[in-house]
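**Q** Okay, here's the structure, questions in a sec.
The values are calculated or read from the model by the stated rules, or taken from the named source; none is laboratory data. On a predicted model such as this, the values are computed, not experimentally measured, just so you know. Cβ placement follows ideal geometry from the backbone for every residue including glycine, while neighbour counts extend to all protein chains displayed. SASA here: full protein model, heavy atoms, side chains in, ligands and nucleic acids out. Shrake-Rupley method; radii C 1.70, N 1.55, O 1.52, S 1.80 Å.
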Amino acid sequence: MSAPSPETGITAVPAAPPQDRRFGLRSVGRALNELTIVVGFVGISLYLALTTPAFLTSANLLSILLASALIGIVAVGETFVIVTGGIDLSVGSVVAFSGVMAGLALNAHAPVPLAVLVGLGIGALSGGFIAFAVTALAMSPFIVSLAVLAMARGLAFIVTNGNTIFSFPDGFDDIGGGNLGPFPVAALVSLGVFLLAGLVLARTVFGAEVYAVGGNREAARLAGIPVNRTLAIVYVVSGALAGLGGIILAGRLDSAQPIAATGLELNAIAAVVIGGASLFGGKGSMLGTLLGVLIIGLINNGLTLKNVQPFWVQFIQGAVIFGAVLIDSLNQKRRGS
Amino acid sequence: MARLLEMRGISKGFPGVRALSDVSIVLDGGEVLGIVGENGAGKSTLMKILAGAFAADSGEMRLDGQPFLPRRPRDSLQAGIIVIHQELSLVPDRSVAENIFLGHLPRGRLGGIRRTALNRDAQALLARVGLQVPPQTRVRELGIAQQQLVEIARALSRRARVIVMDEPTATLTAAEQKILFATMAILRAAGVGLVFISHHLEEVFETCDRITVLRDGAAVETRPAADWNETALIQAMVNRPIEALFPGRHATAGEVVLEVDGLGCAGRFSDVSFSVRAGEVVGIGGLIGAGRTELLKTIYGALPASHGRVRVQRREARIRSPRDAIAAGMALVPEDRKAEGLVLPFSVRSNVALSTLRRQSRLGSVIVRSRVDRMAELAVQSLRRRTPSIRQPVRSLSGGNQQKVVLGRALTTQPRVFLLDEPTRGIDVGAKIEVYRLINSLAEGGGAVLVVSSDMIELLGLSDRILVMRAGRLAGTLSRNAFSQERVMQLAALG
């Protein structure tokens, strides 16, 4: 057998010979992809450490961890979904909806563990709804989760009449706002979720199935992988983790607002994509997402420390997402699939 | 008089491969030149150079005697050289007229489209290619052959001098083929030079004036079509006698392993019954669209059966998904390796492991990497000859090695029933022979093998028995002593 034949490897789309592209955008994209996550993280940290004295204080660093905890937990679920080639736009709204539901349970004198279960359950149910639509009804996850984004937000307003729910027992508030030694409990919970999810994605049969479904769904199905089951699980997990996020946010603020966590899905998706996952599926890791979350946390923190106008903050976050997706699609083109 | 098109001494290399060496072809206006060759022989590369998609390393091209040096696809388009690919490049939700003039729509003063002129001009072009649909029709509503005619009309709208058709008939029905061939005759009469690339030799004989054989990147021979016959063409393509392609098999038919009884899949095929014994290789012949792929996929549970039963080793198999089929002892090698067989960015080992993840894990959940490595090594080694490293992404492998990975995975579940859909499509002759050897060893090991193939030589060379399908039904069964290309074609086309 000869070396890869140029004839079978090339699709009908005319392509320039590979050697012409050595210094093109594509190779920049490739180089950016692997190392940039780490280099970007270190670079931003160094820059902030050198230019803003307030950065390297333990209070500030801990506040970054606390702020990153919520994005992190939600981004873990989002990573599973994105590796299957799907997307979950509903997480921000589900955080708010499960937060207010847990809050309502507490106000109805439910014990803390039950309120936590209510929050997780509402999140899992929202995810289950998406899972049902994506698997049994074969609907597009983008559209379904967009619909759930609106529905969950609407429900959060309906059940609260638009009011803030507040004054929760300390046992509940500690989950989101308490400390264990010097560390915020929320950050520790988030780290635990990352560790567990990292092991699941990298080491288990389920993780391998998630990658295979995202890499080529039809090939996975014909190879005997339970595609629908895998998809259903990732959306339920993403919803349940958004529920956990809702509990943590409500605890931290000692209140649950129907308007909470608006736009959180953008931060989570950005973290996942910055972390090297591909929106086309089949690629991504929890370690990458963790770094992506911390980079987002650093950027948000730096913008605050540098007194950048809040209007710019949104713009810059958008630009970061654009850059991350651009790298992803350049990589996709380079592979010439 | 100068020739319409001359390509002389064209060479082209890719990193690690010499795709074309010193290839020369000439084409006159009003002539159809057939180009045949195995996959990897260099046909597509040659046409991509002509289309301006690749630059040749050496050699020259002349158009009407003038030097012609396309630097990009647009140069070729403007010179009137149009390549029509197997995958059509039409916009399904726009009208036929808009598609024909896509890229150079007639514009009014305010930049709007001049609809009246557009539709009038489109009408004239449609008449020339013999397509009778209103120019306002959406392309989505047309059949594949009609879409091809739209594509040809588009070529004419650019004042095409040379039209290259790359495997144009692969997805056409027999009736649609006739339309296409008639249009080709019209174009030829109008003085256009046509290049026709096809794996179907009968079609090449039917349409072409001259035939060039490419082999391993070189133009082996060009002769008038009348001076070729099918056997001579094949021998020129593969450079060895046909019998040498098929190694001998020493298998004796044992008990019945697979029984298919009245199987059907709504809208695809119905009422198919047959059985396959251990040690038997049964071929399934027929035209594209006859329901062969769908039959395999329904047996395998990838398409829902609407009626009928499947028994494996005398036991009723309730198969609702590929998972059930694998559990019942079946393996499928799908027709489209890249879309259905492999996860391209993944390594060889990950692809091989896909069907047996639970067995490679502790407590059925945590994967043991060393087990996966060992199994992948074993699976790849069992396929003999130069094998890829198990850590290489399958995307970077040749078609033949990719197919080995798919076959390797099929073997990991220890199946008794093998459903192979076009197992040698798009791979070179050397790899084909290896696949034939493997099929032999599967049969010798007591497997029941079902092979769908559009390659007549392969079908006749491999099979103990041939089932021929036509329009979703079993048209007939041929036993080895009744085999012939004519009998298969007759059943496939006429029933």
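**Q** For B:ILE113, are the conditions met, namely being touching a strand residue (DSSP E or B) at 6+ places or on another chain (Cβ under 7 Å), within 30 Å of B:GLN136 (Cα to Cα) and either basic (Lys, Arg) or in contact (Cβ under 8 Å) with a residue 60 or more places away in the chain (or both)?
**A** No.
**Q** Would you list the strands (runs of 3 or more DSSP E) that sit entirely within region B:393-479 and hold 2 or more residues that are open to solvent by less than 10 Å² (accessible area, probe 1.4 Å) and not acidic (Asp, Glu)? Lay out the reasoning, then the answer.
**A** Numbers: elements: B:417-421, B:448-452, B:465-470, B:473-479.
The strands (runs of 3 or more DSSP E) meeting that bar are B:417-421, B:448-452, B:465-470.
**Q** Suppose we keep only residues that are assigned to a loop (DSSP other than H, G, I, E, B) and within 11 Å of chain A (Cβ to nearest Cβ) within region B:71-84. Which one would you say is most open to solvent (accessible area, probe 1.4 Å)?
**A** Result: B:ARG71.
**Q** With respect to the numbered conditions (1) out of contact with any strand residue (DSSP E or B) (no Cβ under 8 Å at 6 or more places or on another chain); (2) part of a strand (DSSP E or B), which one is the sole condition not fulfilled by B:ALA19?
**A** Unmet condition: (1).
**Q** Next up: Do we have any residue at all in region B:96-109 that's touching a residue at least 60 places away in the same chain (Cβ under 8 Å) and open to solvent by 20 Å² or more (accessible area, probe 1.4 Å)?
**A** No, region B:96-109 contains no residue that is touching a residue at least 60 places away in the same chain (Cβ under 8 Å) and open to solvent by 20 Å² or more (accessible area, probe 1.4 Å).
**Q** Does B:LEU142 fit the bill of being crowded, with 20+ Cβ neighbours inside 10 Å and either in the same structural domain as B:VAL36 (by TED's automatic domain parsing) or farther than 16 Å from B:VAL83 by Cβ (or both)?
**A** no
**Q** Could you please find all residues in region B:22-57 being charged (D, E, K, R) and within 11 Å of chain A (Cβ to nearest Cβ)?
**A** B:GLU38, B:LYS43, B:LYS48, B:ASP57 - these are the residues of region B:22-57 that are charged (D, E, K, R) and within 11 Å of chain A (Cβ to nearest Cβ).
**Q** Moving on to the next point. Among residues belonging to region B:344-363 that are more than 7 Å from chain A (Cβ to nearest Cβ) and over 14 Å from B:LEU378 (Cα atoms), point out the one that is most open to solvent (accessible area, probe 1.4 Å).
**A** Across region B:344-363, the extreme among qualifying residues is B:LEU363.
**Q** Mind checking which residues of region B:27-47 are open to solvent by 20 Å² or more (accessible area, probe 1.4 Å) and either β-branched (Val, Ile, Thr) or within 25 Å of the chain's Cα centre (by Cα) (or both)?
**A** Listed by number, the residues that qualify are B:GLU38, B:ASN39, B:GLY40, B:SER44.
**Q** Between residues in region B:355-368 that are in contact (Cβ under 8 Å) with a residue 24 or more places away in the chain and residues that are open to solvent by 20 Å² or more (accessible area, probe 1.4 Å), which pairs lie under 8 Å by C-beta distance while being six or more apart or on different chains?
**A** B:SER355/B:ILE326; B:SER355/B:THR413; B:THR356/B:MET375; B:THR356/B:THR413
This table checks each residue for (1) open to solvent by 50 Å² or more (accessible area, probe 1.4 Å); (2) away from every other protein chain (no Cβ under 14 Å); (3) assigned to a strand (DSSP E or B).
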residue: B:ASP271; (1), (2), (3): yes, yes, yes
residue: B:GLY283; (1), (2), (3): no, yes, yes
residue: B:ILE288; (1), (2), (3): yes, yes, no
residue: B:GLY301; (1), (2), (3): no, no, no
residue: B:PRO304; (1), (2), (3): yes, no, no
residue: B:GLY308; (1), (2), (3): no, yes, yes
residue: B:ARG320; (1), (2), (3): yes, no, no
residue: B:ASP324; (1), (2), (3): yes, no, no
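**Q** From B:LEU233, B:LEU214, grab the single residue that is within 30 Å of B:ASN440 (Cα to Cα), modelled with pLDDT of 90 or more and under 23 Å from the mean Cα position of the chain (by Cα).
**A** Going through B:LEU233, B:LEU214 in turn, the sole match is B:LEU214.
**Q** What single numbered condition from (1) hydrophobic (A, V, I, L, M, F, W, C); (2) over 19 Å from the mean Cα position of the chain (by Cα); (3) within 11 Å of chain B (Cβ to nearest Cβ) fails to hold for A:PHE183?
**A** (3)
**Q** Let me ask something additional. Scan region B:18-63 residue by residue and report those that are among the hydroxyl-bearing types (Ser, Thr, Tyr) and either in contact (Cβ under 8 Å) with a residue 60 or more places away in the chain or closer than 19 Å to B:MET165 by Cβ (or both).
**A** Let us first name the residues in region B:18-63 that are among the hydroxyl-bearing types (Ser, Thr, Tyr), namely B:21, B:24, B:44-45, B:58.
Result: B:SER21, B:SER24, B:SER44, B:THR45.
**Q** Let me ask something else about it. For region A:145-184, which residues satisfy the criterion of being of a type in the set (A, V, I, L, M, F, W, C), at pLDDT below 95 and open to solvent by 20 Å² or more (accessible area, probe 1.4 Å)?
**A** A:PHE166, A:ILE175, A:LEU180, A:PHE183
**Q** Has region B:208-223 got at least one residue that is free of Cβ contacts under 8 Å to residues at least 12 places away in the same chain, open to solvent by 30 Å² or more (accessible area, probe 1.4 Å) and polar (S, T, N, Q)?
**A** no
**Q** Checking the conditions here, which among A:LEU294, A:LEU305, A:LEU287 is surrounded by fewer than 19 Cβ atoms within 10 Å (Cβ to Cβ) and closer than 21 Å to A:LEU196 by Cβ? Walk me through it before giving the result.
**A** On the way: A:LEU294 fails: surrounded by fewer than 19 Cβ atoms within 10 Å (Cβ to Cβ); A:LEU305 fails: closer than 21 Å to A:LEU196 by Cβ.
Unique residue meeting the criteria: A:LEU287.
**Q** Name the single residue that is nearest to B:SER270 (Cα to Cα) among those in region B:326-340 being surrounded by fewer than 16 Cβ atoms within 10 Å (Cβ to Cβ) and touching a helix residue (DSSP H, G or I) at 6+ places or on another chain (Cβ under 9 Å).
**A** Checking each candidate, the answer is B:ASP336.
**Q** Which of the residues that make up region A:119-144 are open to solvent by 40 Å² or more (accessible area, probe 1.4 Å) and either in contact (Cβ under 8 Å) with a residue 12 or more places away in the chain or outside any helix (DSSP H, G or I) (or both)?
**A** A:LEU120, A:LEU125, A:PHE129, A:PHE132, A:ALA136, A:LEU137, A:ALA138, A:MET139, A:SER140, A:PHE142
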